[in-house]
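The values are calculated or read from the model by the stated rules, or taken from the named source; none is laboratory data. Bear in mind that the values here come from a model prediction, so they are computed numbers and not experimental data. For neighbour counting, all protein chains shown are included, and Cβ atoms are generated from backbone atoms with ideal geometry for every residue, glycine included. Heads up: the accessible areas ignore ligands, DNA and RNA and are worked out on the full protein's heavy atoms, side chains in. Shrake-Rupley method; radii C 1.70, N 1.55, O 1.52, S 1.80 Å.
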Amino acid sequence: MSSHPNPYEPPKAEVADITVVGSEAESIRREHIKHESSIRSVGALYYLGGGLMIVSAIGLLAASALEPNSIWIGISAVYVVLGVFSWTVAWHLRRLKNWARVAAIVLSGIGLLGFPLGTIINAYILYLLLSQKGRRIFQADYVEIVDATPHIRYRTSILVWIVLAILIVGIIAAVTIPMLANR
């Protein structure tokens, strides 16, 4: 027998020798990615709400042109201010700025008054922003973690897309069917 090792023999390794590949930043991001995605979606919701407020303000101004009344102009001005504020909060909320978190908490607190749907939606938004993961996402170093891990992305389930499509079709039907029925 020779004392030379067999060059074709597989290496001997113990399981303890194997280490997990990945950084601490990746593990933090993977742990918080779903929550982060939900918070960014709240920003998109604020974009939508702010846009609807601005469109409503334009509609009120157009209606006040038919019947000049300073109350409608005042309400329109409030809608424009709230719409622009919602857009600003949405912009910074999607960029995970801490002041936008505070502003969104205030807006959601006010939104709790919109019973029943507004209460449910805004309670969920408050949960997202006030939970431990929500507070972690708005810390200064988390933005650095996001910048360091651009390859980690949240993948939305196909079920969510199907439910969203059904909801959109339902809303379109709820608006167009009464319009067509009145002809």
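A few notes on this one:
- Test: residue in region 168-181 that is within 17 Å of the chain's Cα centre (by Cα), assigned to a helix (DSSP H, G or I) and closer than 24 Å to Leu112 by Cα: no
- Within region 141-151, being closer than 19 Å to Gly43 by Cβ and touching a residue at least 24 places away in the same chain (Cβ under 8 Å) holds for Tyr142, Val143, Ile145, Val146.
- One residue from Tyr79, Tyr8 being buried (at least 17 other Cβ atoms within 10 Å of the Cβ) and either over 19 Å from the mean Cα position of the chain (by Cα) or touching a residue at least 40 places away in the same chain (Cβ under 8 Å) (or both): Tyr79
- Every residue from region 114-134 that is part of a loop (DSSP other than H, G, I, E, B) and touching a residue at least 60 places away in the same chain (Cβ under 8 Å): Ser131
- Take the conditions (1) open to solvent by less than 40 Å² (accessible area, probe 1.4 Å); (2) of a type outside the set (D, E, K, R); (3) under 23 Å from Ala90 (Cβ atoms); Trp161 misses just one of them, which is (1).
- Among the residues making up region 103-142, those that are open to solvent by 90 Å² or more (accessible area, probe 1.4 Å) and among the aromatic types (Phe, Trp, Tyr) are Phe115, Tyr124, Tyr127.
Yes or no, residue by residue, for (1) of a type in the set (Val, Ile, Thr); (2) open to solvent by less than 100 Å² (accessible area, probe 1.4 Å); (3) modelled with pLDDT of 85 or more; (4) on the phi > 0 side of the Ramachandran plot:
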{"position": "Ile18", "(1), (2), (3), (4)": "yes, no, no, no"}
{"position": "Glu24", "(1), (2), (3), (4)": "no, no, yes, no"}
{"position": "Arg29", "(1), (2), (3), (4)": "no, yes, yes, no"}
{"position": "Ile33", "(1), (2), (3), (4)": "yes, yes, yes, no"}
{"position": "Tyr47", "(1), (2), (3), (4)": "no, yes, yes, no"}
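- Out of Ile145, Ile152, sole residue that is of a type in the set (A, V, I, L, M, F, W, C), assigned to a helix (DSSP H, G or I) and open to solvent by less than 60 Å² (accessible area, probe 1.4 Å): Ile145
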